[in-house]
Amino acid sequence: MALILIFGFASSLAKVRDIIKQDDAVLSKSAIAEEIELGEVVTKELQASFGHAELLAFVLDNSDRYEFALGRTYVAGFVSFVPRVIWPGKPLGGGPMLANIVAPGSYKLGSKEGNSSLTTGVVIESYLNFGFVGVFVFAIIHGFLIYKVTCFGHRLTKTTDIALFLLTTNFLSMTIVNAEFLGAFSAFMFVAVIIYFFNNVRIRG
């Protein structure tokens, strides 16, 4: 991956050199700026294509770029339904935080230019909040929750309860492992509320 980044920069610099060496053309500052900007765009796109392993390695190697969130990205998931107009200081999720670590300034709250975010996954997000202690503690909590939900699921008989069980199992065993907590939890609650709502409508009908 590092070689790809180097290649992207080298390619842009080579194009700048070619522009400078043109005998029959006037050196254009805008042309050089465009090539440099292209190199920055390529770099950001490559950073965005990192897998969780590469992102974790980057986070560990660049600890001077950030401070631990101390649970703020998890709070962001629980209060995601609160409009930012009402709570301007509402915490951001782990995705924006990670994006600004990898490419500082790539996510700006309120920006109209189109913010970019990165998917954290459970290991990275727990580390960004509490370091290695957070990874260890979350692993224990995560395993305990999966165990309790699985035990509880064996006693279910109603269709709605089974649907909620399957949704919860998928959330704990798959979604939250690879996704940002804010997005995963919001999606989970959205579907859970819909299932619960239609179940009540059916019963009352």
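What the table shows:
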item	result
Residue among G131, G105, G89, G94 that alone is outside the structural domain of N199 (by TED's automatic domain parsing) and on the phi > 0 side of the Ramachandran plot	G105
Number of the exception - V149 against (1) in contact with a Ser or Thr (Cβ under 6 Å, 6 or more places away or on another chain); (2) within 21 Å of E54 (Cβ to Cβ)	(2)
For E113: the one exception among (1) modelled with pLDDT under 90; (2) within 15 Å of R65 (Cα to Cα)	(2)
Test for A103: is it farther than 19 Å from F185 by Cα and buried (at least 20 other Cβ atoms within 10 Å of the Cβ)	no
Out of S117, S111, sole residue that is hydroxyl-bearing (S, T, Y), farther than 19 Å from A184 by Cβ and not in a helix (DSSP H, G or I)	S111
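The values are calculated or read from the model by the stated rules, or taken from the named source; none is laboratory data. Given the structure is predicted, the values throughout are model-derived calculations rather than measurements. All Cβ positions, even for glycine, are placed from backbone atoms using ideal geometry, and neighbour counts span all protein chains on display.
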